[in-house]
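All remarks here apply to the structure that follows.
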Amino acid sequence: MSVVSRRVASVPVRTSADTWKAVVALIAAPNDDAHSTLTAISNLASMLIAEEYTRDAPIVVIPASGPRVRIYTSHGEAAIEGDDEAQTPLATWPTAQPGWLLSLPCGIDDIDDARRALEAYPNIEVRDLTDGITVDAGAQSTAGRLLINYDELERS
């Protein structure tokens, strides 16, 4: 499985709502059903970005086929000084085919409210930002075992 990463500048370069718009523009074609769905959750996604949960834990798009996409946000001085990698388009829209999943990182204090807010959106989930991201869709049970996500350890 391959992974593509992008970093999107956020506050103070752009508001958290504008940051979410940049993320949506990166992963969904305009006028597509996925674009409408992602726009519908703008308030929640903007709140998660404003809380800076997406700074260290990525927004993850798992497409029906193709590489997984990880999107991080930069904040403060890092946003001002950094290159906005969102300007580099992806090779394909990861939400173009049915069956995609979007996973948003969330702090444990907000996770129950966020999950309730997303009940109407089966393609979108929130996860505890301290949890790793499943690497293989067909992974076996991990009860009683420690799993190390080497991709996360190697990301810069």
How about segment 1-42: which of its residues are assigned to a helix (DSSP H, G or I), free of Cβ contacts under 8 Å to residues at least 60 places away in the same chain and either out of contact with any helix residue (DSSP H, G or I) (no Cβ under 9 Å at 6 or more places or on another chain) or closer than 18 Å to Arg55 by Cα (or both)? Ser16, Ala17, Asp18, Thr19, Trp20, Lys21, Val24, Asp33, Ser36, Ser42
Among residues of segment 1-51, those that are touching a strand residue (DSSP E or B) at 6+ places or on another chain (Cβ under 6 Å) and under 16 Å from Leu90 (Cα atoms), counted: 9
Which of the residues belonging to segment 4-57 are touching an Asp or Glu at 6+ places or on another chain (Cβ under 6 Å) and of a type in the set (A, V, I, L, M)? Ala9
For residues that are closer than 19 Å to Asp113 by Cα, over 12 Å from the mean Cα position of the chain (by Cα) and of a type in the set (Gly, Ala, Ser), tally how many sit in segment 18-51. 3
Tell me the residue from Val23, Val69 that is in contact with a Pro (Cβ under 6 Å, 6 or more places away or on another chain), at pLDDT 95 or above and within 24 Å of Thr130 (Cβ to Cβ), please. Val69
Residue tally, condition within 14 Å of the chain's Cα centre (by Cα) and of a type in the set (A, V, I, L, M), over segment 103-113: 1
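The values are calculated or read from the model by the stated rules, or taken from the named source; none is laboratory data. Everything numeric here is computed off the predicted structure, so don't read it as measured data. Because the Cβ atoms are built from the backbone with ideal geometry, glycine has one as well, and the counts that use them run over all protein chains shown.
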